[in-house]
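Reading through the C-alpha cells given below for one structure.
Only the coordinates and a few stated rules stand behind these numbers; no lab work does. Treat the numbers as computed from the prediction; the structure is a model and nothing was measured. Cβ coordinates were reconstructed from backbone atoms using ideal geometry, including for glycine residues, and neighbour counts include every protein chain displayed.
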Amino acid sequence: MKDYILRATFANDSGRIFVADTRETVNQAFEYHKTSPVMTAALGRTLTGAAIMGSMLKSDDDLLTVTIKGDGPGAGLTVTANNKVQVKGYTYNPVVDIPLKQNGKLDVAGALGFGTMTIIKDLGLKEPYVGQIPLVSGEIAEDLTYYFAKSEQVPSAVSLGVLVDRDYTVKQSGGFIIQLLPSADEEVISKLEEKMKTIKSVTQMLEEGMDCEQILNETVGDMEPKILDRIPVEYYCNCDRERVEKALISVGRKELEDILATDKQATLHCHFCNKDYHFSEEDIKNILERQ
C-alpha cells in the first residue's frame, strides 16, 4: 500500500491511535517546492500531523488549515487537509540553510523561530473553529501536543518525523498521534507514559523497515489494539483554470479594468503546487464581457 494512516483503538476503547506513513506525500511536496532539508522536515512534519487530524474530521466538506508563523529564517508555512486525507502545503521561505543541532538533527525550531501555530477547522458551521497557541518548541510534534491539551482538552502524544536523503529527497516520513479518552484509567495512563519514554523515533522505526501495523504494535501492542481502518493519504492540489478564474473575477470589475489598461495580462500563481495560470488581454476582455 502507498501512503496511509492506520486508525485503531486500544485498552478497551479508552484510547485511540493514528499511525501514518507519508513518505510519498512529503516527497511530492518536495518535488513541487524544492525545499532545503530543514524546510522539507518542517513542511513534512506538518503535512503528516495535518493528515492525521484530517482523518479525524467527520464530513466530506470539513477542512482543516494549519498555519505557522515565526520570526526565524523559514518564516512559516501553511498546510490544509480534508477528511479524505488529501493534503497540500507550502513554506513561506522554501530554502533555509542553518547549522544542524548538536545531536546532528535538522533544526526545524531554529528555522521557524518564535511565533504561533493557528489551527482552523471549517466544519460547515456559521463560524469556523479557530485555535491558536504560541510555538512551545517549533519542532511541530510538541506544538501539536500542546495544542490538543490547551485547545481541545485531549491528552495526546504526538510523534512526527522526516528523514531527508543525501539528494534532498524524502527517505522516510511518518508519525503517530495517541489520544486518551475520558474512560482511560490510571494504569493505562501510566503504561503509556512509560512507553513514550523509551520508544524509538518514528523515522528510526520506518528506516528499520517497520510498517504502520508494526509501529502500532511497538507503541500500544500490550494494550489490545483493535484496527479500525486504513486510510490512503495523498498530496492533492485542487487548483484548475476555472477555479483560478473565479479568484480573478473576485477582485472586482474596476481592478480587472485597471489590469487591462496597464499590464494587459495577468498571471496567477498557486502556492500549493507552484503552477502559474496566464490570462491574456483577450481572456480578461472576455471575463469583463461575461460580467
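With the alpha-carbon atoms of segment 95-229 aligned to their principal axes, the span from lowest to highest coordinate is 46, 43, 27 Å, starting with the largest.
How do Leu57, Leu206 rank when sorted from fewest to most other Cβ atoms within 10 Å of their own Cβ?
Values: Leu57 19, Leu206 24.
Ordered from fewest to most neighbouring Cβ atoms within 10 Å, Leu57, Leu206 come out as Leu57, Leu206.
With θ taken as phi - 60° and the Karplus curve 6.51 cos²θ - 1.76 cosθ + 1.60 applied, the whole-hertz 3J(HN,Hα) list for segment 274-287 is 6, 8, 9, 10, 9, 10, 6, 4, 5, 4, 5, 4, 5, 4 Hz, x standing for glycine and proline. One equal scatterer on each Cα of segment 241-290, no solvent, Debye formula: the resulting log10 I(q)/I(0) at q = 0.32 Å⁻¹ is -1.38. Measuring between alpha carbons in the structure, the pairs from Lys246/Lys275; Lys88/Lys197; Lys150/Lys171 lying more than 26 angstrom apart are Lys88/Lys197; Lys150/Lys171.
Each of Phe176, Ile140, Phe18 was placed along the dipole of segment 4-235 (beta-carbon charges, centred on the mean Cα), and the one lying farthest toward the positive end is Ile140. Please list, in chain and number order, the residues 5+ apart from Val164 or on another chain whose amide H is under 5 Å from its amide H, with Hs placed from the backbone. Residues meeting the amide H criterion: Lys171. When Rg and Dmax are taken over the Cα atoms of the chain, they come to 20.9, 72 Å. Return, in residue-number order, each cysteine of the chain whose C-beta is not under 4.7 Å from any other cysteine's C-beta. Isolated Cys, the chain: Cys212.
Ordered by the count of other Cβ atoms within 10 Å of each Cβ, fewest first, Leu248, Leu106 give Leu248, Leu106.
Here is the list for segment 114-155: trypsin sites (Lys or Arg not before Pro) lying in DSSP coil, each with at most 11 other C-beta atoms within 10 angstrom of its C-beta, are Lys126. Excluding Ser190 itself, what net charge comes from residues whose Cβ is under 14 Å from its Cβ, given Lys and Arg +1 and Asp and Glu -1? That works out to -3.
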